[in-house]
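Comments concern the structure below.
The values are calculated or read from the model by the stated rules, or taken from the named source; none is laboratory data. As the structure is a prediction and not an experimental result, all values here were calculated from the model. Glycine gets a Cβ as well: all are built from the backbone with ideal geometry, and neighbour counts include every protein chain shown.
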Amino acid sequence: MADRAPTVPLTTAPLPTVPLPAQSVSKSTSKPSSIPPASSLARFGDKIYGAVIFLASLSIFGIILWLFWQLTGASLPSIRHFGLSFVTGSEWDEVSSSYHVLPYIFGTLFSSAIALLLAVPVSIGAAIFLSELAPRWIRTPATFLIELLAAIPSVVYGLWGIFILIPFMKQFIVTPIVGSRLPHLPIIGELFKGQSAGYSMLAAGMILAIMVTPFITAVTRDILRAIPRSQREGSYALGATKWETISQVVIPYAKSGIIGAVILGLGRALGETMAVTMLIGNQPPNTPNGISLSVFQPGYTLASALANKFSEASPGLSTSALVEVGLVLFGVTIVVNGAARLLVFYTAKDVQGGK
């Protein structure tokens, strides 16, 4: 027999292991590094920062309460002497020490209403043009000019009104309307009865409209520019035209913000002093209660009454009554702005679907 080749027994000895380099270890199996805890000094700085911000927010309420306290304390003699009749009566007579401010309250609200009636359509139209329609070459300079109007001092507006606005109104607006049949119409004619001197509620309302237009326009433009572009693109995708997108998508979406811009203009109009004092005429209408619905009649506002009468007031009840005029103006501003803020709140809820 032929010789067989020797058989080699199979062994199951383990293979030598080769260590893998450290770079080949998967990162997913490595232990995540922990974020080092904030130092006690950093936490202490955060607490200080939060306390400072909290005190800054409370200071606004503190200033309002301090102002109310000071005005109330200085007007206590007038409050005790006249009571509620101070805001319901119509007579202001330094000789007989009889002081009442109902015509001044009416003049403040009436002139501000005229200003908003004239300014709001122009302001919203200008804001829509600048944000949606204007080409770039006109948008930037027009925006700059509108914002520049807000920086002009009110006395400059008043001087412009005396030398430019009043003669223009007297020649082209007041005299033709007073001489026409318009003042003799049954209801609307009450708005146009009066003299043709030019110094009137209409003049004050027009100068206020010019002054508040930059504020309303600038804020409304910023609000319209902040609307997401997807809102417009969605409207265009559904086949809407440019005007339909603006009127049915953009403006309803920004409705609460536009109302807020109007509130800003209203607050500016309520407290304006110098320009209104120079153009409103500073005398009550020739009516039994000192109130007239005619825009051509002169009048007073609370602010113009303070500007005209405070320098001539004698110490005592007269000065106390004028301080109470300031307190009434403060209260009117708080009430009007509070009601307007409620309107913004409910409008915003309506826009957000009742949330």
Being within 30 Å of GLN171 (Cβ to Cβ) and buried (at least 17 other Cβ atoms within 10 Å of the Cβ): is that true of LEU224 here?
no
Take the residues in region 324-355 that are polar (S, T, N, Q) and under 16 Å from SER112 (Cβ atoms), then tell me which one is modelled with the lowest pLDDT.
ASN337
Across region 232-250, which residue is surrounded by the fewest Cβ atoms within 10 Å (Cβ to Cβ) among those that are without any contact (Cβ under 8 Å) to a residue 24 or more places away in the chain and of a type in the set (Val, Ile, Thr)?
THR241
Loosely packed, with under 12 Cβ neighbours inside 10 Å, part of a helix (DSSP H, G or I), at pLDDT 85 or above and among the hydroxyl-bearing types (Ser, Thr, Tyr): does that describe SER131?
no
If you go through region 105-115 one residue at a time, do you hit one that is β-branched (Val, Ile, Thr), in a helix (DSSP H, G or I) and over 19 Å from the mean Cα position of the chain (by Cα)?
yes
Does ILE166 satisfy the condition of being surrounded by 13 or more Cβ atoms within 10 Å (Cβ to Cβ) and at pLDDT 90 or above?
yes
Could you tell me which residue of region 308-318 is modelled with the highest pLDDT, considering only residues that are hydrophobic (A, V, I, L, M, F, W, C) and under 30 Å from ALA197 (Cα atoms)?
PHE310
Given ALA321, ALA305, which one is at pLDDT 85 or above, in contact with a strand residue (DSSP E or B) (Cβ under 7 Å, 6 or more places away or on another chain) and more than 30 Å from GLU147 (Cβ to Cβ)?
ALA321
For the condition surrounded by 18 or more Cβ atoms within 10 Å (Cβ to Cβ) and in a loop (DSSP other than H, G, I, E, B), what is the one hit in GLY158, GLY198?
GLY198
For region 267-276, state whether one or more residues are buried (at least 23 other Cβ atoms within 10 Å of the Cβ), in contact (Cβ under 8 Å) with a residue 40 or more places away in the chain, touching a strand residue (DSSP E or B) at 6+ places or on another chain (Cβ under 6 Å) and more than 21 Å from LEU148 (Cβ to Cβ).
no
Is it the case, given these coordinates, that SER292 is more than 22 Å from PHE68 (Cα to Cα), in a loop (DSSP other than H, G, I, E, B) and in contact (Cβ under 8 Å) with a residue 60 or more places away in the chain?
yes
Quick one: in region 76-99, which of the residues that are touching a Phe, Trp or Tyr at 6+ places or on another chain (Cβ under 9 Å) and outside any helix (DSSP H, G or I) is surrounded by the fewest Cβ atoms within 10 Å (Cβ to Cβ)?
ASP93
